Amino acid sequence: MSTQKDIEELLQSHKLKKTSARIEMLKIFMNYTYALSAKEVISHMKVNHDRVTIYRALSSFEKHGILHKASEDSHGIRYALCSHECPEEVHTDEHVHLICKQCSQTYCLEDIKIPKIKTLEKFLVQKINYTINGICNGCLSS
């Protein structure tokens, strides 16, 4: 899904306005195999958009199941495209993330699912993060 029409249909299916900032942001995410921070998204944008607009769009994309938070570190929150359409406010992207120690990129490992964890009865689990720290293929081969 990388054409302008596909992006517009994605926004429409989530009842989001088709703004130039949103369209450009989704094109950026579709061009990368790793998660991006807001700062990285802003640096890749061709048109100068207000930072508030970018942060609101990221928040809206997450709320509507287009992006998910892949990790959070000193570079901020990193977002990745959901592999499929998640229902609003409930992400079903329950996979492992790898954070590379050399390049600091966060990768979604779609094939590795988060193992089921038994929790205590008195707790309501709302989100589980499962992260592996290591070295990505790109850094291993260079």
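Couple of notes before you dig in:
- Counting only DSSP beta bridges with both residues in the chain, the antiparallel share comes to about 75 percent.
- Pairs beyond 29 Å (Cα-Cα), from Lys69/Lys116; Lys63/Lys118; Lys17/Lys39; Lys15/Lys46; Lys27/Lys118; Lys27/Lys63: Lys27/Lys118
- Here the chain is described by how far its Cα atoms reach on the three principal axes: 44, 43, 26 Å, from widest to narrowest.
- Nitroxide proxy distance, nm - points 7 Å out along Cα→Cβ at Asn133 and Ser13: 3.7
- Cβ-derived FRET efficiency at R0 30 Å, Lys46 paired with Gln102, nearest 0.05: 0.55
Where a number appears in this text, it was derived from the coordinates with a stated rule and is not lab data. In this text, all values refer to a predicted model and were calculated from it rather than measured experimentally. Note: ideal-geometry Cβ built from the backbone for every residue, glycine included; neighbour counts use all protein chains shown.
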